[in-house]
Amino acid sequence: MGLNMTVELRVMQDGESILLYVFKTIAEASEMILFLSDFLPDAKFVLQPATH
């Protein structure tokens with residue numbers, strides 16, 4: 001049985017979580033960070049192992 005290594009990308013703005021994505025790989029999450037940073041230049045991106 002393999003481990004499910006999904007990652008969670010949380011988009012934070014003004015100290016609040018405004019978006020939450022779950023990806024199968026860090027590479028997929030990184031692509032989304034690059035995309036979102038064009039639209040949300042002041043946002044902070046938190047990448048961590050998925051909790052669910």
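Of all residues in the stretch 32-52, those being loosely packed, with under 12 Cβ neighbours inside 10 Å and part of a helix (DSSP H, G or I) number 4.
Do we have Ser17 as assigned to a helix (DSSP H, G or I) and either of a type in the set (Ser, Thr, Tyr) or in contact with a strand residue (DSSP E or B) (Cβ under 9 Å, 6 or more places away or on another chain) (or both) here? No, not satisfied. Residues in the stretch 1-14 that are over 12 Å from the mean Cα position of the chain (by Cα) and not in a strand (DSSP E or B) were compared, and the one that is surrounded by the most Cβ atoms within 10 Å (Cβ to Cβ) is Met5. Residues that are within 12 Å of Arg10 (Cβ to Cβ) and over 11 Å from the mean Cα position of the chain (by Cα) within the stretch 20-52 comprise Ala43, Thr51, listed in sequence order.
Restricting the first member to the stretch 16-27 and to residues that are surrounded by 11 or more Cβ atoms within 10 Å (Cβ to Cβ) and modelled with pLDDT of 95 or more, and the second to residues that are assigned to a loop (DSSP other than H, G, I, E, B) and not hydrophobic (A, V, I, L, M, F, W, C), the beta-carbon pairs closer than 7 Å and six or more apart or on different chains are Val22/Thr6; Phe23/Thr6; Lys24/Thr6.
The values are calculated or read from the model by the stated rules, or taken from the named source; none is laboratory data. Predicted model, so just to flag it, every value in this text is computed and none were measured. Methodologically, a virtual Cβ is constructed for each residue, glycine included, from the backbone with ideal geometry; neighbour enumeration extends over all protein chains shown.
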